[in-house]
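Just below is one structure, and these are the notes that go with it.
The values are calculated or read from the model by the stated rules, or taken from the named source; none is laboratory data. What you see is a predicted model; the values in this text were computed from it and never measured. Cβ atoms come from the backbone with ideal geometry, glycine included; neighbour counts cover every protein chain shown.
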Amino acid sequence: MSAKRKVGLLISGRGSNLKSLIAACADPKFPAEIVLVISNVTDAGGLAHASNAGIATKVIPHKTFPSREAFDSEIDAALNDAGIEIVCEAGFMRIHSESFVRKWQGRIINIHPSLLPRFKGTHVHEQAIAACVKTSGCTVHFVAAEVDSGPIIAQSAVPVLKGDTPETLAARVLEEEHKLYPLALRLVVEGRVRFDVP
Ligand code: GRF
């Protein structure tokens with residue numbers, strides 16, 4: 001069997017997408033393994049899920065660095081030390097420096113809880129409800145210099161129902177996120193979707 005590609009995860013919070021990626025990688029036929037989870041938040045819930053699954057974790061608190069570049073170079077060093085080939089951001093709440101994005105471009109992907117290019121940034125479900133859209137969903141995309149703007153790898157749609165609150169819509173979208181992220185990661189790992197860096 002060919003070697004699995006080494007994946008690193010960047011998280012800031014509860015880590016439900018991390019859990020779905022861990023579950024997908026547990027399948028011997030899945031072409032990737034998660035070898036490192038980095039959080040910028042000391043008590044991020046996802047850290048416990050990773051440890052329980054026997055995955056190495058590292059906390060790199062952004063507040064202890066003098067600049068975005070210094071924080072990112074610590075992340076870069078940790079990823080390189082672990083031999084990471086592909087990075088998945090899963091609820092990572094920091095914006096990267098341009099140099100970090102350039103270094104990892106084509107090898108770093110993110111999940112966002114809307115059908116990009118609509119509703120970038122935060123308070124995404126509030127934005128979708130305020131716009132009265134009938135359909136929302138989630139997107140896995142390559143990370144590019146501009147936030148939530150890289151080339152789209154895969155999307156999944158859900159209906160926005162009458163009476164939805166940001167919470168009910170978020171829950172419906174999150175269920176799709178958990179299916180979409182492993183699928184999108186597989187597409188990237190297998191080279192079936194590529195972001196060729198000029
Ligand atoms: C998800 O909705 C993801 O799309 C967004 O942040 C949330 C993270 O949730 N980027 P979790 O930490 O994976 O549960």
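The criterion of at least 3 residues that are closer than 24 Å to Leu36 by Cα and touching a helix residue (DSSP H, G or I) at 6+ places or on another chain (Cβ under 8 Å) is met by the following helices (runs of 4 or more DSSP H) wholly inside the range 89-198: 98-104, 166-189. Selection of first residues in the range 123-135 that are under 17 Å from Gln155 (Cβ atoms) and of second residues that are part of a loop (DSSP other than H, G, I, E, B), restricted to Cβ pairs under 6 Å at least 6 apart or on distinct chains, gives the following pairs, ordered by first then second residue: Val124/Pro113; Val124/Ser114; Gln127/Phe119; Ala128/Phe119; Val133/Val160; Lys134/Val160. In this structure, does Gly91 turn out to be modelled with pLDDT of 95 or more, within 20 Å of Val147 (Cβ to Cβ), under 15 Å from the mean Cα position of the chain (by Cα) and within 14 Å of the ligand (Cβ to nearest atom)? Yes.
Taken over the range 40-72, the criterion of being surrounded by fewer than 16 Cβ atoms within 10 Å (Cβ to Cβ) and closer than 23 Å to Ser99 by Cβ is satisfied by Val59, Pro61, Lys63, Thr64, Pro66, Ser67, Glu69, Ala70. From Ile108, Ile153, Ile84, grab the single residue that is touching a Lys or Arg at 6+ places or on another chain (Cβ under 6 Å) and among the β-branched types (Val, Ile, Thr). The unique qualifying residue is Ile84. Based on what the data block shows, is Arg186 in contact (Cβ under 8 Å) with a residue 24 or more places away in the chain and either under 13 Å from the mean Cα position of the chain (by Cα) or away from the ligand (no atom under 11 Å from the Cβ) (or both)? In short, yes.
Listed by position, the strands (runs of 3 or more DSSP E) inside the range 1-62 whose residues that are touching an Asp or Glu at 6+ places or on another chain (Cβ under 9 Å), modelled with pLDDT of 95 or more and within 13 Å of the ligand (Cβ to nearest atom) number at least 1 are 5-11. When you scan the range 94-107, how many residues do you find that are touching a residue at least 60 places away in the same chain (Cβ under 8 Å) and within 14 Å of the ligand (Cβ to nearest atom)? Total satisfying the criteria: 1.
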